[in-house]
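The values are calculated or read from the model by the stated rules, or taken from the named source; none is laboratory data. Keep in mind that this is a model prediction, so the values were computed, not measured. Positions of Cβ are generated from backbone atoms using ideal geometry, with glycine treated the same way; all protein chains shown enter the neighbour counts. These area figures cover heavy atoms from the full protein model, side chains too; ligands, DNA and RNA do not enter into them. Shrake-Rupley method; radii C 1.70, N 1.55, O 1.52, S 1.80 Å.
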Amino acid sequence: MVAIVIAIIVVIIIVLVASIKVVSEYERGVVFRLGRLVGTKGPGLFFIIPLLDRIVKIDLRVVTLDVPAQDVITRDNVTVRVNAVVYFRVVRPEDSVVKIARPVKATSQIAQTTLRNVLGQHELDELLSQREKLNQSLQNIIDEQTDPWGIKVSIVEIKDVELPESMRRSMAAQAEAERVRRAKIIHAEGELQASEKLALAGRIIGEEPVTLQLRYLQTLTEISTEKTNTLVFPVPIDLISMFIPKERMDAYAEQKKLEKKDTK
C-alpha cells in the first residue's frame with residue numbers, strides 16, 4: 001500500500017514538473033494541443049497539459065540580418081556589388097510558427113531578391129546619392145512581403161556599393177574635370193571683376209590727373225620698404241610735359257574737356 005502511494009506521489013510530481021513552463025520576458029510560448037493552435041503564453045510561469053500540449057518558444061528581440069553581396073545591373077547598365085543589413089522582429093508569434101517554417105531564412109531570401117529588383121530600377125548616380133530614399137523603399141517592400149508571417153521589418157540599410165575599377169577611374173576623371181571647370185570659371189570671374197575695377201580706376205585717374213602722381217609716389221613708398229639695391233629717383237611729371245609740343249598738349253587738354261562734358 002505504501003509503495004502504491006509513493007508511486008502515485010512520484011507520478012504527480014513528474015506531471016507537475018512537466019506541466020510547469022517558464023518563458024523569458026523577450027520570449028513567447030506558442031501552445032499546440034493535439035496539433036491544434038491554442039494560443040500564446042508568457043512571459044513568466046504558466047501550465048500546460050503534459051503529453052497533450054506542445055510549446056514552441058519564439059524570440060521577440062530584434063534580429064540583425066546581413067544580406068550577402070548581390071550583383072546588381074543598374075538602369076544605366078553598370079554592374080555593381082551591393083550588400084545591406086536588415087533589422088526585423090517577430091510581432092505575431094502564432095503567424096511566425098504556423099505560416100512559415102524558417103522565418104529568418106525566408107526573410108533573408110526576400111531581402112536579397114528585393115535588393116536586386118529595386119536597385120536594378122535606378123541609375124548609378126541615384127544609388128550613390130539617394131541612399132535614404134532607396135533604404136525607405138526597400139524597407140516598405142520587404143515589410144509588406146513579410147507581414148503575413150508576423151514579422152515587422154523596421155530598418156533596411158545599404159552598407160557598401162562596390163564599383164568596377166574602370167568605373168572608378170571614369171568617375172575620378174569626371175570629378176577632376178569638374179574641378180578644373182570650376183577653377184576656370186572662378187578665374188574668369190576674377191578677371192572680369194578686376195577689369196571692371198581697373199576701368200573704374202582709369203576713369204577716375206583720367207578725370208583727376210593728380211591721382212596718377214599720388215599713386216606713383218605710393219608705389220615708390222612700397223618699393224623703398226623692400227631690401228633691394230635698386231635706386232628709384234622720382235621725376236616730376238611736369239618736367240616731362242616740357243618736352244611735349246604745345247600743340248599736342250593743347251589737343252590733349254581739349255580732348256579731356258570733351259570727355260568731361262560727355263560724362264556729365
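Against the criterion of being within 30 Å of E27 (Cα to Cα), in contact (Cβ under 8 Å) with a residue 40 or more places away in the chain and of a type in the set (V, I, T), V78 does not qualify.
Please determine whether any residue of region 151-164 is part of a helix (DSSP H, G or I) and either among the hydrophobic types (A, V, I, L, M, F, W, C) or surrounded by 11 or more Cβ atoms within 10 Å (Cβ to Cβ) (or both). No; the residues of region 151-164 include none that is part of a helix (DSSP H, G or I) and either among the hydrophobic types (A, V, I, L, M, F, W, C) or surrounded by 11 or more Cβ atoms within 10 Å (Cβ to Cβ) (or both).
Sort out which residues of region 91-135 are part of a helix (DSSP H, G or I), touching a strand residue (DSSP E or B) at 6+ places or on another chain (Cβ under 8 Å) and more than 29 Å from K57 (Cα to Cα), and write them in order of number. Of everything in region 91-135, those that are part of a helix (DSSP H, G or I), touching a strand residue (DSSP E or B) at 6+ places or on another chain (Cβ under 8 Å) and more than 29 Å from K57 (Cα to Cα) turn out to be L115, R116, L119, L124, L127, L128, R131, L134, N135. Scan region 99-136 for residues that are of a type in the set (S, T, Y) and open to solvent by less than 40 Å² (accessible area, probe 1.4 Å) and the total you get is 3. Of the residues making up region 51-68, not a single one is among the acidic types (D, E), open to solvent by 80 Å² or more (accessible area, probe 1.4 Å), modelled with pLDDT under 90 and under 42 Å from the mean Cα position of the chain (by Cα).
Among the residues of region 23-50, the one identified as closer than 26 Å to F88 by Cβ, open to solvent by 80 Å² or more (accessible area, probe 1.4 Å) and hydrophobic (A, V, I, L, M, F, W, C) is L37.
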